[in-house]
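Undergrad: For reference, the structure I am asking about is given below.
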Amino acid sequence: MLFLPLDRPVIENLNSYYVDTEKLIEHYQGELGSGGVRFRAASAEAVVIFDQDQVLSSRFRDRDGEREGAAAMDVLAERAARDSFTIGVYAVDPVEACYWAGLSSAERLYSDLSTEFTDLEGLVGKMRAEGLTGYIGVIAGKGRAGGFIFFLNGEIIGTAGPGDTGPVDRSDGGTERLIRETKAAGGVFHVSRISRTGKPDAAGAGGKDVPGNETLDMLASMLGILERTAQSRRKLKGAFGTALKKKFVAKADAYPFLDPFAGEFQYAEGRILFTGKADRKDLVTAVMACAGELADEWNILPLFRRELTSWSQKYAKELAALGSVL
């Protein structure tokens, strides 16, 4: 899937004949921190999504099929000058960048839900309540367009028309259009998930107690307090996210689900996107251990603990159930 939100353009209508695509991406990694690049030509198209540290996802499609990852980057570099792609660069929220990068690896939750038994408006409400991170695919009946509704932690972040390369519509009108179409002409729905940030289904895969929204909000709030405390004491020599990733790398042997190269755990702008399958207690233990070690290394651990007083009271029940102490 080659979806990319285009509502925050940085530069558009570049011609790839005059551009070194690899250097272009490197430049905007430093300039934007996170974003996406869209390449379009008569015979091919590609999307590259990145954050400040790495390319999160790259996909290239032409008449011969679709490539991803390193293979996509190689063929894009080879054909950029020859095929004269039109290039657009777009800023993307860091957490959303992880979402769009993971869209193609979504797992199907429900297939072939028909309007005979399922109302799209009700299904949208259900996915909101369950905190879905993923999408609903809509195949509308009687020649209607259909399309996709995209969810991040239960919030609709956009819609798109049929096919899997279209621009993303940020307005409320897209969801309303799909609801009207399916009420008038019927349709079939598929629901896919790209994370476990929503409420766990039963005990989760393999019987695991997978982390839900409350747990992720709790951890995001704690990391936000750590970041603010470190900034107030001028302990950060670079970006907080970079320091956190370095700590995760150091802890990757003990907690592989934190490994930044696996891309399962993403923290940015006070929000967490988690696509792994770690047990809830293991995740909380791991993230709190990393936060505590960073605070200790920055010589702010006693202050950090004091700053967590209200946080500890707010989440006392969950922390007690997990046996977690900083």
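Read the figures in this text as sums done on the coordinates, not as results from a lab. A quick note: this is a predicted structure, and the numbers were derived from the prediction, not measured. In this analysis, Cβ positions are derived from the backbone assuming ideal geometry, glycine residues included, and neighbour counts consider all displayed protein chains.
Undergrad: Exposure proxy check: 66, 12 ranked by fewest other beta carbons within 10 Å? Walk me through the numbers on the way to the answer.
TA: Numbers: 66 16, 12 12.
Ranked by crowding around the Cβ, least crowded first: 12, 66.
Undergrad: Now for a different question. Of 48, 58, 299, which is farthest on the positive side of the dipole of the chain, counting Cα position, with +1 on Lys and Arg Cβ, -1 on Asp and Glu Cβ, and the Cα centre as origin?
TA: Farthest towards the positive end: 299.
Undergrad: Quote the charge dipole size of the chain about the Cα centre in Debye, to the nearest 20; the model charges only the Cβ of Lys and Arg (+1) and of Asp and Glu (-1). Intermediate values should be presented prior to the final figure.
TA: Details: 40 positive and 46 negative charges, 139 e Å.
The calculated dipole for the chain is roughly 660 debye.
Undergrad: Another one. Farthest toward the dipole's positive end in the chain, which of 153, 77, 136, given Cβ charges of +1 (Lys, Arg) and -1 (Asp, Glu) about the Cα centre?
TA: Of the listed residues, the answer is 153.
Undergrad: Another one. Over the range 205-322, what is the relative contact order in whole percent, taking alpha-carbon pairs under 8 Å and six or more residues apart?
TA: Details: 104 pairs, mean separation 41.9, N = 118.
Value for the range 205-322: 36 percent.
Undergrad: A further question on this structure: Quick check: the angle from helix 173-185's long axis to the longest principal axis of the chain, C-alpha only, nearest 10 degrees?
TA: Helix 173-185 sits at roughly 50 degrees to that axis.
Undergrad: Can you put 249, 188 in order, fewest other beta carbons within 10 Å first? Display every interim value, and only then the final one.
TA: Details: 249 13, 188 18.
By the 10 Å Cβ count, ascending: 249, 188.
Undergrad: Filter the trypsin sites (Lys or Arg not before Pro) in the range 235-326 to those in DSSP coil with at most 10 other Cβ atoms within 10 Å of their Cβ, and list the result. Can you show the working numbers first?
TA: Working: sites: 235, 237, 245, 246, 247, 251, 271, 277, 280, 281, 305, 306, 314, 317; in loops: 235, 237, 251, 277.
Passing sites in the range 235-326 are 237.
Undergrad: Tell me which lysines have Cα within less than 18 Å of residue 183's Cα, excluding those fewer than 8 residues away on the same chain?
TA: Here the lysines satisfying the reach criterion relative to residue 183 are 126, 142.
Undergrad: So if R0 is 25 Å, what FRET efficiency would residue 117 and residue 180 give, r being the distance between their Cβ atoms, rounded to the nearest 0.05? Intermediate results must be reported in sequence, preceding the final value.
TA: Working: r = 19 Å, r/R0 = 0.77.
My answer for the efficiency is 0.85.
Undergrad: Follow-up. Test of understanding: ordering 298, 311, 100 by Cβ neighbours within 10 Å, fewest first, what list do you get?
TA: Details: 298 19, 311 16, 100 26.
Ranked by crowding around the Cβ, least crowded first: 311, 298, 100.
Undergrad: Quick check: the distance between the Cα centres of the range 38-81 and the range 121-157, to the nearest angstrom?
TA: Measuring centre to centre over Cα atoms gives 27 Å.
Undergrad: Relative contact order for the chain using alpha-carbon pairs under 8 Å, separation at least 6, rounded to a whole percent? Show your work: numbers first, answer last.
TA: Working: 573 pairs, mean separation 47.9, N = 326.
Here the relative contact order equals 15 percent.
Undergrad: Straight-line reach only, C-alpha to C-alpha below 28 angstrom: list the lysines that residue 245 could link to, leaving out same-chain residues fewer than 8 apart.
TA: 23, 199, 208, 235, 237, 277, 281, 314
Undergrad: Compare the Cα positions of 229, 289, 268 along the charge dipole of the range 205-322 (+1 at Cβ of Lys, Arg; -1 at Cβ of Asp, Glu; about the Cα centre) and return the one farthest towards the positive end.
TA: 229
Undergrad: If contacts are Cα pairs under 8 angstrom and at least 6 residues apart, what is the relative contact order of the range 47-119 in percent?
TA: Numbers: 48 pairs, mean separation 19.0, N = 73.
This gives 26 percent for the range 47-119.
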